[in-house]
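What follows is a single structure, written as structure tokens, with notes after it.
The values are calculated or read from the model by the stated rules, or taken from the named source; none is laboratory data. Bear in mind the structure is a predicted one, so any value in this text is a computation, not a measurement. Every residue, glycine among them, receives a Cβ derived from its backbone with ideal geometry; neighbour counts consider all protein chains shown.
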Amino acid sequence: MATARAACGICIGIVLLLLLVILLPLSYSYIDYYEYGLRQRKSTGKVSTERVFTSGRYFNGPDMKFLKYQADAHLVHLDDVAVFSDGGANNVGLSFQIDVDFTYKLKQDEIGLLHRDLAKTYENVILSRTNDAIKNSATSVLFDDYFKNRKAVEQQFREAVQTRWDAEPPMHATLGQFHLGRIKIPETVAEKQLTAKIQVEKNKEEEFLQSARLERETTAVEVNTINLERQKILRSAQAEANLIISKALSEADRIRNEAIINGTTTLLDKVGIDTEEHKTAFTYIRTLQNRENLGLSISYLSDENVVKTTPQ
């Protein structure tokens, strides 16, 4: 009897030991550093949202496990988001596609609320709200701003997305990095934009040609004015020079004539010629001597001396 009881006790002990060996590892649950966890009962599937667990090892019992959510950044790439730009002054908008990359993180303190509101569908809801926010915000952005003010457009989209996420019911997530990627323009739109740009350049070319033509005409007028002024100055200078030369020549003739008169008077006084007849004859002979085209000869064959001139 004692032996049977001992054997029964040993069997029970072995069973308990086996249960301990089996159930003890099953009672521990693990959460990695990149995860958040909510306790979930295995038997019923009920989730406790009161406490959010972070990385570590926890003794939950064999009927408990962790429902895990991503704790690190979610990386999202949106391809071909169709947007419609603001038409601006011409009221003609353009339809095209853009790529967007962004990251977001779940708020640790709101994981329980996230599970109650959205559970595992939160990723789809976030993508849907992001698309809506970008499309709605794009209608107020001019097409040219995507290229000329890219940073401002990117910031506008970022603020629109975060505002949309915070609307009721909130997404319980914080937007991290946000980048506006490739802008895909349809061929027809590209051709239209290229034609417009070419026309703008042609208009600038025509303006430049008109400006150059006007500048050349203005320069020609200025050159002509300068030339006329130069000619005026030259003519004035030449006239003044001629006047000065004429006055100088006249003064020289006056001085020379006065010298001749004074010299002749002195000479006549020295040689004793004092009659008007003799003075006139002397002056006449002297004048003939100064003529380059006449020769002068004196004949002494008669009592009356004769002065004869011969052409040379």
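Quick notes
- Residue within region 162-176 that is surrounded by 12 or more Cβ atoms within 10 Å (Cβ to Cβ), in contact (Cβ under 8 Å) with a residue 40 or more places away in the chain and more than 30 Å from Lys46 (Cβ to Cβ) present: yes
- Among residues of region 139-181 being among the β-branched types (Val, Ile, Thr) and within 25 Å of the chain's Cα centre (by Cα), the one that is modelled with the highest pLDDT is Val153.
- Set Leu175, Leu142: member being touching a Gly at 6+ places or on another chain (Cβ under 6 Å) and either not assigned by the TED database to the domain that holds Tyr122 or not polar (S, T, N, Q) (or both): Leu142
- Residue match in region 112-125 (condition: touching a Phe, Trp or Tyr at 6+ places or on another chain (Cβ under 7 Å) and touching a residue at least 60 places away in the same chain (Cβ under 8 Å)): no
- Comparison of Glu191, Glu205, Glu258 shows that the only residue that is among the acidic types (Asp, Glu) and at pLDDT 90 or above is Glu205.
- Some residue of region 216-236 being over 37 Å from the mean Cα position of the chain (by Cα), small (Gly, Ala, Ser) and either surrounded by 10 or more Cβ atoms within 10 Å (Cβ to Cβ) or closer than 30 Å to Phe96 by Cα (or both): yes
- Residues that are of a type in the set (A, V, I, L, M, F, W, C) and within 20 Å of Ser55 (Cα to Cα) within region 105-118 comprise Leu106, Ile111, Leu113, Leu114, listed in sequence order.
- Screening Val83 with (1) more than 26 Å from Arg116 (Cβ to Cβ); (2) hydrophobic (A, V, I, L, M, F, W, C); (3) modelled with pLDDT under 85 gives one miss only, at (3).
- Breaking point among (1) within 14 Å of Val83 (Cα to Cα); (2) assigned to a helix (DSSP H, G or I); (3) modelled with pLDDT under 90, for Asp132: (3)
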